[in-house]
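Shown next, in structure tokens, is the structure this report addresses.
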Amino acid sequence: MAYSSDDLASKFGDYTDVKGKIRREVQAGRLIPVAHGLYETNPDVSGKCLAGRIYGPSYLSFDYALARYGLIPEAVYHTYTSATFKKNKTKKYQNSFGVFTYRDIPAAVYPLEIALYQENGYSYQIATPEKALCDKLYSLPPIRNMGDLNALMFEDLRLDEQELQKLNTDTINALCPLYRSTNLTLLNKFFRKKPL
């Protein structure tokens with residue numbers, strides 16, 4: 001279970017030196033540092049269950065979500081990519097649970113198309129496949145035309161065409177304009193014109 005410093009201050013309220021108690025719990029291996037002011041008791045918990053606690057508000061997206069849904073061929077083990085908004089910078093954390101990266105998307109699209117999952121007493125949020133694709137294309141440098149989009153999607157990202165066919169076109173077309181991004185404008189055209 002994840003505990004903040006405040007949680008632990010309450011839990012160890014009977015101790016005169018709470019920081020010392022936390023330090024001893026870490027040394028004994030009963031608390032594992034996750035990020036500044038955040039600790040975990042379960043060494044086997046998946047990083048996906050901690051990503052939203054490390055930095056937020058955030059939800060899993062980009063490469064992590066695309067790999068999970070089988071849209072891209074591989075994922076780097078213990079690497080978790082998440083979306084944030086109005087943070088104005090990319091953040092990266094590394095700990096014994098993995099590497100956690102956080103990147104902004106527009107505030108207008110942030111709350112849309114996010115699924116909540118429960119797992120072994122933990123909960124985490126992750127973008128739907130459509131949202132993860134939009135987030136990923138938004139995060140990349142602008143491209144100019146449909147030829148560039150095809151090269152980006154099928155050569156650079158190596159998106160799986162069969163999995164792409166399963167995406168909800170209406171969802172993609174509703175999301176794309178909200179990003180106000182050339183890449184998403186082209187993706188919108190791709191899904192409107194191409195018979196998948």
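Just so you know, all these numbers are worked out from the coordinates, no wet-lab data involved. As the structure is a computational prediction, the values presented were derived from the model and not from experiment. Ideal geometry is used to build each Cβ from the backbone, glycine not excepted, and the neighbour counts take in all protein chains shown.
Figures for the structure shown
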read-out: Vicinal HN-Hα couplings computed from phi for region 109-122 (Karplus, 6.51 cos²θ - 1.76 cosθ + 1.60; Hz; Gly/Pro x); value: 9, 3, x, 8, 6, 10, 9, 10, 10, 10, 8, 6, x, 10
read-out: Segments 135-142, 28-35 sorted - mean Cβ within 10 Å per residue, highest first; value: 135-142, 28-35
read-out: Against the rule of thumb 2.2 N^0.38 Å, how large the Cα Rg of region 1-44 comes out; value: 1.04
read-out: Virtual spin-label span in nm between Glu119 and Lys193, 7 Å along Cα→Cβ; value: 3.9 nm
read-out: Rotationally averaged projected area of region 1-80 (alpha carbon convex hull; nm²); value: 6.0 nm²
read-out: Theoretical FRET efficiency, 1/(1+(r/R0)^6), r = Cβ-Cβ of Ser5 and Thr169, R0 41 Å, to 0.05; value: 0.35
read-out: Value in Å of the Kirkwood radius, where region 133-196 supplies the Cα pairs that are averaged; value: 11.7 Å
read-out: Within region 115-140, backbone nitrogen closer than 12 Å to the virtual label 7 Å beyond the Cα of Ser46 toward Cβ; value: 117-126
read-out: Listed residues Thr182, Tyr138, Phe154: farthest to the positive end of the dipole of region 130-193 (Cβ charges); value: Thr182
read-out: Cα convex hull of region 88-138, projected area averaged across orientations, nm²; value: 4.6 nm²
read-out: Choice from Phe154, Phe97, Phe62 showing the highest fluctuation, given a GNM over the chain with Cα pairs closer than 10 Å; value: Phe154
read-out: Degrees separating the helix 18-27 axis from the principal Cα axis of the chain, which is the longest one; value: 70 degrees
read-out: Compactness relative to 2.2 N^0.38 Å, alpha carbon Rg of the chain; value: 1.19
